[in-house]
Amino acid sequence: MQQGTLMRKVKSKSWKKQRYFKLQDDCMTIWYQSKRTGKIESAFSISDVETVREGHQSEVLQSLAEEFPPERCFTIVFYGRRGNLDLIAGSAEEAQCWVQGLRQLIEPRSFPLTSALVSRTWIRDWFQKADKNKDGRMNFKEVQCLLKMMNVDMNEDHALRLFQAADKSESGTLEGEEFVLFYKALTQREEVLSLFQDFSKDGKKLTLLELVDFLQQEQLEDEGAEEMAMELIDKYEPSETARARHVLSADGFLMYLCSPEGSIFNPQHRALWQDMSQPLCHYFISSSHNTYLIEDQIRGQSSIEGYIRALKRGCRCLEVDCWDGPNGEPMVYHGHTFTSKIPFREVVSTLGNRVEPSSSSVLQGAGGAGPQQCRVPGDSRSRGGDGHPRVTTSPSTTLQELKHKILLKGKKIGRLEDVLDGPGDEVPDVSDDDNGAEAGEERRRVKVGGPCCSALQKDKENLAQALSDCVVYCKSVSFRGFQEARSHSRPSEISSLAEAKARKLIREAGNDFVRHNAWQLTRIYPSGMRTDSSNYSPQEMWNVGCQIVALNFQTAGTEMDLCDGLFSQNGRCGYVLKPPFMRDEETLFNPSDPGSWEGPGPITLTIQVISGQQLPKVANSKDGAIIDPLVRVEIHGVPADQARQETKYIENNGFNPRWDETLQFQLHVPELALVRFVVEDYDKTSRNDFVGQFTLAFANIKPGYRHIHLLSKDGTSIPPSSLFVHIRITK
């Protein structure tokens, strides 16, 4: 990589330019040189790379599949909204060199930066930024610039003392290990050291028994505390001598607190930990709306990237709007709008490559909704030898039994299978998610034998029946009221409701809604007025047990934070088991009526916000600007539990702010509560700026002294930014 490699950068079938890519000596920057002009430019920084995909895993590379083999192709995916970079190497060996090399370079960022374990990549990154004259040394003026870049407004005298203490050679500059010493002094955590000394008899180490005391008294790790203490020492103590003596140093203690075991998120709940043998309607299901769109609903771009990103986030209900296209090839786009189009076969290919092999080990995909066209999450013909999804129609079908299957949600037409369906030549009712011109379009198309997919069958009328037969478990039916549904509908059916109609039902018949969702699937979708792809709050829909709450995954904000927060548990499989009182068909629970809640009474959640570590600067802020951070804690749940409190702001310190403030909340239905931690840059004259956030279900919170590793606005990690808190839960 440092020698350089000639590769093709591709943007389309016709735009394929040769570029000479080279990794710089800092191992942080990739430069490229145009073969034609010889001009050298910075292509990207390693810190901007989210992941690397091998093979034909982009629309552009798929379109070139016949020209270039997959082993020579790879895609570099960047954080945020920056477009992907598609590259074609001269050989499979060169492609693997870059794929594996890039993955190794971005891997260190998954470890938090502490004074005990300073990531080599992060040290190098900061040094390169601070070394303005590129002489491999850093003078005091450059140190002052570094502090500004790191969000620190430090007293000049104190900064000079740290500089001089690290300058062992007394040369007036820092290099190599001297810079590491300076960085370690800068990242020293007084609040953690004080906690360490509270449990250490000599103030220098924690014996095995002292560590057990800390784990039991503060972290409430009652079961197997001694065994856990031994594991933590073996895993996080940097000194071999201390490990041999079964003691933990202050550095090892800090490393533990910054580790997954010291996180606010219960590490046991990261894995698949819930009962997966319940009926499908007993789970909340991660669901997207118009998955193919990556921008707005009217003129936005349709892209298979939308499916790739949604699946990566654990989405299990995808939407594929399929319409007649040119030359008999179906196209996917938002009907009756100006959104761009993508071939149906490309969507099928993408889902086929990415849906089956997954770490979630549960149902790998579910049918999206189908207002007027065949919306399918995959090609059922290639999935089952008989051309149909291998799914039973038994009401007792469990999620475990549906494992490795793809369900197609849509209308069933021309079938006399229940009293709500008319004869075969009758036009089916239009679902609640059909409206306006789209509904009329469906009626017109159904009359001639069914929507799109004309390439799949010679006769459109036969196609409609064939498409109908693919819908087995998620038959789409119109919602005509809870009484009607109870009398005539089946557990294998599903109704779709607009957000406004769902809210009306929540207000007027909350308990009936909860009972309905205990035995039948309900899908909620955004209002047609949300042309900007904004989102509604999913929490109020989850409060009544709606399983498929479809959101615009491309739009960052509180709503997607809640979605990511709920589904970050249970192995990120995209399914979360509803609490017992929401799975009972005779439940009395109504989220708006405290009198209907059963339980021991409210739980008190006490959060001491202690400190922050290396908070990022606000995007597009001025040079030299330093944030004034505050922390807000939000509770999202039933109406009685909705609350928010915030700390005071700390002036000019985004590097190591100390708040030491306590916030307290009462939770009446903790089973439905999500807790969102938000860091903002205070501004007295305008709206505060977003800095970072982390959201999780209350059920996943670990008590004690914990770190919260912050995420960016679009849900990606931003190491080493974190909050240090103490959590107490009492009844």
Compare the peptides 511-518, 323-330 by average per-residue count of other Cβ atoms within 10 angstrom and give them in order, highest first. 511-518, 323-330
Multiply the residue gap between Ala65 and Thr662 by 0.36 nm, knock off their C-alpha separation, and tell me the result in nm, one decimal place. 209.2 nm
Please state the charge dipole magnitude for the stretch 5-106, taken about the Cα centre, from unit charges on C-beta atoms (+1 on K and R, -1 on D and E), reported in debye and rounded to the nearest 20. 520
The farthest towards the positive end of the charge dipole of the stretch 472-616, of the residues Ser596, His516, Gln614, given +1 on Cβ of Lys and Arg and -1 on Cβ of Asp and Glu, is His516
Between Lys35 and Glu170, with labels modelled 7 Å along Cα→Cβ, what's the label distance in nm to one decimal, could you check? 5.7
Positive-end residue of Thr695, Thr685, Pro670, charge dipole of the stretch 637-731 with Cβ unit charges: Pro670
Place the peptides 313-321, 158-166 in order of packing, highest mean first, counting for every residue the other Cβ atoms within 10 Å and averaging per peptide. 313-321, 158-166
How much length is gained on full extension from Glu93 to Ala500, taking 0.36 nm per residue of separation minus their Cα-Cα distance? 141.0 nm
Going highest first, how would you order 184-195, 647-658 by mean Cβ packing within 10 Å? 647-658, 184-195
Which of the lysines could a cross-linker bridge to Lys475, judged by Cα under 18 Å and excluding same-chain residues fewer than eight apart? Lys405, Lys409, Lys411, Lys412
State the dimensionless ratio Rg/Rh of the stretch 485-571 (Rg: radius of gyration of Cα atoms; Rh: Kirkwood radius). 0.98
If R0 is 56 Å, what FRET efficiency do you get for His336 and Lys648 from their C-beta distance, rounded to 0.05? 0.65
List the GluC sites (Glu not before Pro) within the stretch 566-623 that fall in a DSSP loop (any state other than H, G, I, E or B) and whose Cβ has at most 10 other Cβ atoms within 10 Å. Glu586, Glu598
Just to be sure I understand the model, the point goes 7 Å from the Cα along the line to the Cβ. What's the resulting Lys201 to Lys134 distance in nm? 5.8
Expressed as a rounded percentage, what relative contact order does the stretch 190-262 have, with Cα pairs under 8 Å and six or more residues apart? 30
For the stretch 190-262: rounded, prolate or oblate by the Cα gyration tensor [a/c cutoff 1.5]: rounded
Ignoring ligands, DNA and RNA, what percent of the accessible area of the stretch 596-726 is carbon or sulfur (1.4 Å)? 45
Counting every Cα pair in the stretch 5-106, what percent are over 25 Å apart? 11
Taking the Cα centre of the stretch 497-595 as the origin, how large is its charge dipole in debye, to the nearest 20, when only Lys and Arg (+1) and Asp and Glu (-1) carry charge on their Cβ atoms? 200
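The values are calculated or read from the model by the stated rules, or taken from the named source; none is laboratory data. Note that this is a predicted model, so its numbers are computed, not measured. Here Cβ is always computed from backbone atoms with ideal geometry, including for glycine, and neighbour counts include all displayed protein chains. Note: areas computed on protein heavy atoms with side chains; ligands, DNA, RNA excluded. Shrake-Rupley method; radii C 1.70, N 1.55, O 1.52, S 1.80 Å.
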